[in-house]
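**Q** If you scroll down you'll find the structure; I have some questions about it.
The values are calculated or read from the model by the stated rules, or taken from the named source; none is laboratory data. Since this is a predicted model, take the numbers as computed values, not measurements. Cβ sites come from the backbone with ideal geometry, for glycine too, and all protein chains shown count toward neighbours.
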Amino acid sequence: MTEEKNKMDFIQLLGPDMSVKILTHLDAPCDLIRVSAVSSSWHRFVLEHGLCKQLCLAMFPEISGVTHMIELDNIIEPLGNTPGSCVNWEYLKRNHKVYAFLSSGLHPVRKSCISKAISASSTDNYPEESILHTLEPGDRTEYTASYWSSKGENDPSVPETLVYKLVSEMCLVTEIHVQPFQAFFQHGLPIYSAKAVRFRMGHPRYPIESESAVDNITANEVLGDNQFIWTYTSPEFPMCQENSLQKFNLPKPFLCIGGILLVELLGRVQKQEMDELFYICISHVQVMGRPLSPAFDVKVHHPSGKCTLKYHPPPTDPHMSSTSSPDSSSSSRLRIITSSLVQRGVRRWEQILLGALLGSGPVVVDD
């Protein structure tokens, strides 16, 4: 093979269709970043074919219906996608960044996706039977019972609700676990489960500007539905009258944007012997899902429900002046990257650009 053929770009050799088929078999965001860092032509090819978006949707197909709400740099409305225009190229570049960040920013599945118990529709004895106790696994702490209890009702159809804040403003929820409480201190060891359970997820109705009005709500406050906008409602799941952590798998994983979960407890099955009233008691609630990395932040905009996805990379230079402006620091990073490329040669592009993209701040790719 001649030296000229040896240098041929395989994307040009195979053609766009076959190249896309090959590159869509990559299963990690960092692999596509490496591909886009090989050369300016490969970078353009990855962006023009939306390969980061395809990978992100392949990893998390459940976000396909809401990705139009994911924006960058405080831009609420998407840029116009006009083929062949400068605006179109900016649109492609922004999509590339957003989907690369998003696909690498969702943590592996974890069992503790609840950060705070916000409110219960009623509480029998506060704080002894507060919703706060549902965050602890099990039904007792040392020698004390640990559970939430509703107020008693004559009508067994009266529902109850529990509201929680998730660990991230964007969390991919896969299943929710609920454990009814068995009163081991009462005659007959009654279990105060609900007949059925349903889940809603959404965000506060009004944007939260500071360290959260939600964080300042006490667990004894009762919040109405007008406080939140629910973007997802699960089917009803029957609940067994058993003292066990019952698992409820959602039909499809749901990307909760806004980080609020509502547990609806529908119907009562157990009377308390001493007052002949129906109660619901829960000892533990658990959410399994993939929270967004702490380096990301999501802000929901009222009243449309659209959101802004922001990326906040941690600082890597301890000697960087705290008074430096964002623009000057970004320019400095770009100059450092460019200088490094010149000094270290083309073979170092991959490590430098990948490290800058995922670790030290936003990257402006100069073809």
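**Q** Of the residues in region 173-196, how many are surrounded by fewer than 21 Cβ atoms within 10 Å (Cβ to Cβ) and either under 33 Å from the mean Cα position of the chain (by Cα) or not assigned by TED's automatic domain parsing to the domain that holds ILE280 (or both)?
**A** Initially, region 173-196 is screened for residues surrounded by fewer than 21 Cβ atoms within 10 Å (Cβ to Cβ), giving 174-175, 177, 184-191, 195-196.
Now drop any that are not either under 33 Å from the mean Cα position of the chain (by Cα) or not assigned by TED's automatic domain parsing to the domain that holds ILE280 (or both), which leaves 174-175, 177, 195-196.
Going through region 173-196 one residue at a time, the tally reaches 5.
**Q** May I pose another question? If you check GLU221, GLU276, which single one turns out to be acidic (Asp, Glu), surrounded by fewer than 20 Cβ atoms within 10 Å (Cβ to Cβ), modelled with pLDDT of 95 or more and over 20 Å from the mean Cα position of the chain (by Cα)?
**A** Working: GLU221 fails: modelled with pLDDT of 95 or more.
One residue alone meets the criteria, GLU276.
**Q** Sort out which residues of region 106-146 are of a type in the set (S, T, N, Q) and closer than 30 Å to MET59 by Cβ, and write them in order of number. Outline the logic, then answer.
**A** At the first step, the residues of region 106-146 found to be of a type in the set (S, T, N, Q) are 112, 115, 119, 121-123, 125, 130, 134, 141, 144, 146.
Once the filter is applied, which keeps residues that are of a type in the set (S, T, N, Q) and closer than 30 Å to MET59 by Cβ, region 106-146 yields SER112, SER115.
**Q** With respect to SER130, determine if the residue is touching a residue at least 60 places away in the same chain (Cβ under 8 Å) and under 17 Å from TYR232 (Cα atoms). Before the answer, list the steps.
**A** Values: touching a residue at least 60 places away in the same chain (Cβ under 8 Å): yes; under 17 Å from TYR232 (Cα atoms): no.
Taking the combined requirement at face value, the residue does not satisfy it.
**Q** Test of understanding: among THR141, THR82, which residue is farther than 28 Å from PRO16 by Cα, at pLDDT below 85 and of a type in the set (S, T, N, Q)? Working first, answer last.
**A** On the way: THR82 fails: farther than 28 Å from PRO16 by Cα.
Unique residue meeting the criteria: THR141.
**Q** Just give me the residues in region 166-181 being outside any strand (DSSP E or B) and not aliphatic (A, V, I, L, M), in sequence order.
**A** Within region 166-181, the first condition is being outside any strand (DSSP E or B), and the residues that meet it are 167-169, 181.
Within region 166-181, SER168, GLU169, PHE181 meet the criteria.
**Q** Taking into account only those residues within region 133-165 that are among the small types (Gly, Ala, Ser) and either part of a loop (DSSP other than H, G, I, E, B) or more than 29 Å from HIS203 (Cα to Cα) (or both), which is nearest to the chain's Cα centre (by Cα)?
**A** At the first step, the residues of region 133-165 found to be among the small types (Gly, Ala, Ser) are 138, 145-146, 149-150, 152, 157.
Okay, now just the ones that are also either part of a loop (DSSP other than H, G, I, E, B) or more than 29 Å from HIS203 (Cα to Cα) (or both), so 138, 145-146, 150, 152, 157.
Values: GLY138: 26, ALA145: 33, SER146: 29, SER150: 30, GLY152: 36, SER157: 34 Å.
Here the residue is GLY138.
**Q** Still on this model: Could you go through region 86-99 and let me know if any residue there is modelled with pLDDT of 65 or more and in a loop (DSSP other than H, G, I, E, B). First the steps, then the outcome.
**A** Keep residues of region 86-99 that are modelled with pLDDT of 65 or more, which gives 88-99.
Within this subset, residues satisfying the condition of being in a loop (DSSP other than H, G, I, E, B) are none.
Among the residues of region 86-99, not one is modelled with pLDDT of 65 or more and in a loop (DSSP other than H, G, I, E, B), which makes the answer no.
**Q** Among residues belonging to region 121-162 that are more than 20 Å from ARG268 (Cβ to Cβ) and of a type in the set (Gly, Ala, Ser), point out the one that is surrounded by the most Cβ atoms within 10 Å (Cβ to Cβ).
**A** SER146
**Q** Which numbered condition in (1) under 16 Å from HIS177 (Cβ atoms); (2) outside any strand (DSSP E or B); (3) acidic (Asp, Glu) is the only one that ASP275 fails?
**A** All conditions are met except number (1).
**Q** Taking the residues in region 5-25 that are of a type outside the set (Val, Ile, Thr) and surrounded by 15 or more Cβ atoms within 10 Å (Cβ to Cβ) as candidates, determine which candidate is nearest to LYS97 (Cα to Cα).
**A** LEU23
**Q** Pick from region 32-49 the residues that are charged (D, E, K, R) and either touching a residue at least 60 places away in the same chain (Cβ under 8 Å) or surrounded by 15 or more Cβ atoms within 10 Å (Cβ to Cβ) (or both): which of them is farthest from SER104 (Cα to Cα)? Outline the logic, then answer.
**A** From region 32-49, those charged (D, E, K, R) are 34, 44, 48; that's our starting set.
Keeping just the survivors that are either touching a residue at least 60 places away in the same chain (Cβ under 8 Å) or surrounded by 15 or more Cβ atoms within 10 Å (Cβ to Cβ) (or both) gives 34, 44.
Numbers: ARG34: 14, ARG44: 21 Å.
Checked region 32-49; the qualifying residue farthest from SER104 (Cα to Cα) is ARG44.
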